Amino acid sequence: MNYFELFDIPVQLKVDKQALYKKFIALSKQHHPDYFATQHAEQQSRALEISASLNKAWKTFQNPDETIKYVLQSKGLLEEEEKYQLPPDFLMEMMEVNEQLMEAKTDGDIEKITHLSSVISKLSTGIYEPVKEIVEHYQEAVTSEKELLQVKEYYFKKKYLNRIHQQLTGKA
């Protein structure tokens, strides 16, 4: 059973976290292993399995990038350790940003680091715009594979930008 079936919601690239929270709480209560402590081992095991799946699904749905990754993987469009070839113009732009980041860190230039953080934020917004409609209005069997491949490129670009942002902030 996939995560969307588990929560009884349609497959989507962007989930409504507030609505999902209510379902998560209800399903967690319904399948909590403590409620099955006096049941047969098979029922206890099943409850534990469902509870673990609910927690994994919940964690995935809390992170928009992980939700996109999960959908793309379920469609066979993304492999776990895939080495995706990003467009050369994007890579050149990232090389420039990385060089500026290394200089700013070497010089201890907080102002330049703050500026780069703003640049990364603008780049993130810019790469999202072309796929915004696809992500926010995804429909199973309506959204084309071509559109999903655009989302895949966005996913890898965003992943790249996130790594740079982590270098800026020092957070993993």
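Bear in mind that the values in this text are calculations on the coordinates, not laboratory data. The structure presented is a predicted model; accordingly, all values stated were derived computationally and were not measured. Glycine also receives a Cβ, built like all others from the backbone with ideal geometry; neighbour counts cover every protein chain displayed.
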Exercise for the section: Over every pair of different alpha-carbon atoms in the stretch 88-169, take the mean of 1/r and invert it; report that Kirkwood radius in Å. Expected result: 14.0 Å
Problem - Fewest-first ranking of Lys23, Lys158, using other Cβ atoms within 10 Å as the exposure measure - result: Lys23, Lys158
Exercise for the section: With +1 on each Lys and Arg Cβ and -1 on each Asp and Glu Cβ, and nothing else charged, work out how big the dipole of the stretch 79-172 is about its Cα centre, in Debye to the nearest 20. Expected result: 240 debye
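Treat the chain as a sphere of radius equal to its Kirkwood radius over Cα pairs and apply Stokes-Einstein at 4 °C in a medium of 1.567 mPa s; give the translational diffusion coefficient in µm²/s, rounded to a whole number. Walk me through the intermediate numbers first.
Numbers: Rh = 18.6 Å.
Translational D for this selection: 70 µm²/s.
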Fill in the blank from the handout: Stretched fully, the stretch from Leu20 through Val142 gains (0.36 nm per residue minus C-alpha distance, one decimal, in nm) 41.6 nm
Problem - Size of charge dipole - the stretch 14-172 - debye, nearest 20, with Cβ of Lys, Arg +1 and Asp, Glu -1, no other charges - result: 660 debye
Handout entry: Helix axis angle, 88-107 relative to the chain longest principal axis, alpha carbon, degrees
Key = 80 degrees
Completion exercise
Of the residues Gln18, Trp58, His31, the Cα lying farthest along the dipole of the stretch 3-62 towards its positive end, which is defined by charges on the beta carbon of Lys, Arg, Asp and Glu, belongs to Gln18
Problem - the chain, relative contact order [Cα under 8 Å, separation at least 6], % - result: 26 percent
Practice task
Could you state the orientation-averaged shadow area of the convex hull built on the Cα atoms of the stretch 53-131, in nm² to one decimal?
Solution key: 7.4 nm²
Practice task
Kindly provide the trypsin sites (Lys or Arg not before Pro) of the stretch 40-79 that DSSP labels as loop, not H, G, I, E or B, and whose Cβ sees at most 16 other Cβ atoms within 10 Å.
Solution key: Lys75
Fill in the blank from the handout: Between the Cα axis of helix 110-128 and the main Cα principal axis of the chain, the angle (0 to 90°, nearest 10) is 60 degrees
Fill in the blank from the handout: Rounded to two decimals, the Debye log10 I(q)/I(0) of the stretch 3-62 (Cα scatterers, no solvent) at q = 0.13, 0.29 Å⁻¹ is -0.35, -1.21
Exercise for the section: Work from the charge dipole of the chain (Cβ charges, +1 for Lys and Arg, -1 for Asp and Glu, about the Cα centre) and give the residue of Thr125, Thr106, Thr67 farthest towards its positive end. Expected result: Thr67
Exercise for the section: Could you work out how far helix 17-31 tilts from the main Cα principal axis of the chain, as a 0 to 90 degree angle to the nearest 10? Expected result: 30 degrees
